[in-house]
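Here the structure comes first, spelled out in structure tokens, and everything after it is commentary.
The values are calculated or read from the model by the stated rules, or taken from the named source; none is laboratory data. Small disclaimer: the values here were computed from a predicted structure and weren't measured. When we count neighbours, we look across all protein chains shown, and the Cβ atoms used for this are built from the backbone with ideal geometry, even at glycine. Just so you know, the surface numbers come from the protein's heavy atoms only, side chains and all, with ligands and any DNA or RNA stripped out. Shrake-Rupley method; radii C 1.70, N 1.55, O 1.52, S 1.80 Å.
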Amino acid sequence: MKTTAKTKSSVIVGNLRAWRALATPEDINAGVVWYNDAHQVAQEISTIIGGTVWQGAAVISALSPMNTWEGNKHNAIELAKCWTLGGSIGDVSVSTFNANKRKAWEILNNNTQALNQESRKTWSFAKTIELKERAQCVVIDRWHLRACLTRSKTRRDQLGESVGIPQYDRIERLTMAEASKLGEAPCVYQAIIWCTIKNNWER
């Protein structure tokens, strides 16, 4: 199995460059606006709950694992509405794990410890939704890890799709350096690659 721990930084960088070079104008346009659109959803949630954009972004992020983007947005908005109306956590069904649903509920209850940097991917996702181009972090999900490990334009098995904190931090540094070379915000660079590999693999 290919893993980031067993893959040289030069190979990871080469793979990321290959995916970025493969991006179509449509992939680029989608990547440029992706986090702006997500930020608007976070703003909508903050209005519903009378809270902050960070809370809205954190709820979205907490409900993101193994969820589609459309499902993610719908779940976050419905849970926020339920919380605002004084409902209970069991009143809303979500398309992710119950542990993530409980985490989102804790965020709505303003528990600042419900989402922190120990959960690198979910924290980075929330922070990037909140700050967009100003975020100094990278969302390293399974799609980004796939892009780091292969240039194959079709699905390929035996890829390590999870990482610990040391590997997360290494990939984040490499990704941010590549984004900087192109004059792109880290979130835009990551989103373009996300759109590119996902569109190729799901054809």
**Study point:** Cut-off 20 Å (backbone N to label point 7 Å along Cα→Cβ of Asp37), residues of the range 120-142
**Key:** 125-135, 139-142
Practice item. Among Lys127, Lys81, Lys181, determine the one that fluctuates most according to a GNM of the chain built with springs between C-alpha atoms less than 10 Å apart. Key: Lys181
Check your understanding: Of the cross-linked pairs Lys6/Lys181; Lys73/Lys103; Lys6/Lys153; Lys73/Lys132; Lys153/Lys198; Lys101/Lys121, which ones have a Cα-Cα span greater than 19 Å in the structure shown?
Key -> Lys6/Lys181; Lys6/Lys153
Point to revise | Heavy-atom accessible area ranking, 1.4 Å probe, most first, across His39, His74, His144 | key: His74, His39, His144
Check your understanding: With contacts defined as alpha carbon pairs under 8 Å and 6 or more residues apart, what's the relative contact order of the chain in percent?
Key -> 33 percent
Point to revise | Among 147-153, 15-21, 193-199, the order from most to least packed when residues are scored by Cβ within 10 Å on average | key: 193-199, 147-153, 15-21
**Study point:** Prolate/oblate/rounded label for the range 1-126 (Cα gyration tensor, a/c 1.5)
**Key:** prolate
Exercise for review: Calculate for the chain the 222 nm mean residue ellipticity that helices alone would give, adding -39,500 (n - 2.57) per DSSP H run of length 4 or more and normalising by residue count, nearest 500 deg cm²/dmol.
Suggested key: -20500 deg cm²/dmol
Review point. If you rank Leu22, Leu115 by how much accessible surface each has, with a 1.4 Å probe, what is the order from largest down?
Key: Leu22, Leu115
Check your understanding: Roughly how tilted is helix 98-108, in degrees to the nearest 10 and between 0 and 90, from the longest Cα axis of the chain?
Key -> 60 degrees
Point to revise | Rounded percent of accessible protein surface that carbon and sulfur make up, the chain, 1.4 Å probe | key: 50 percent
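Of all alpha-carbon pairs in the range 47-203, indicate the percentage at a distance above 19 angstrom.
56 percent
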Exercise for review: Round to the nearest 0.05 the FRET efficiency obtained for Thr3 and Glu70 when R0 = 45 Å and r is the Cβ-Cβ distance.
Suggested key: 0.90
Practice item. Would you mind pulling out the separation of the Cα centroids of the range 63-128 and the range 180-199, in Å? Key: 25 Å
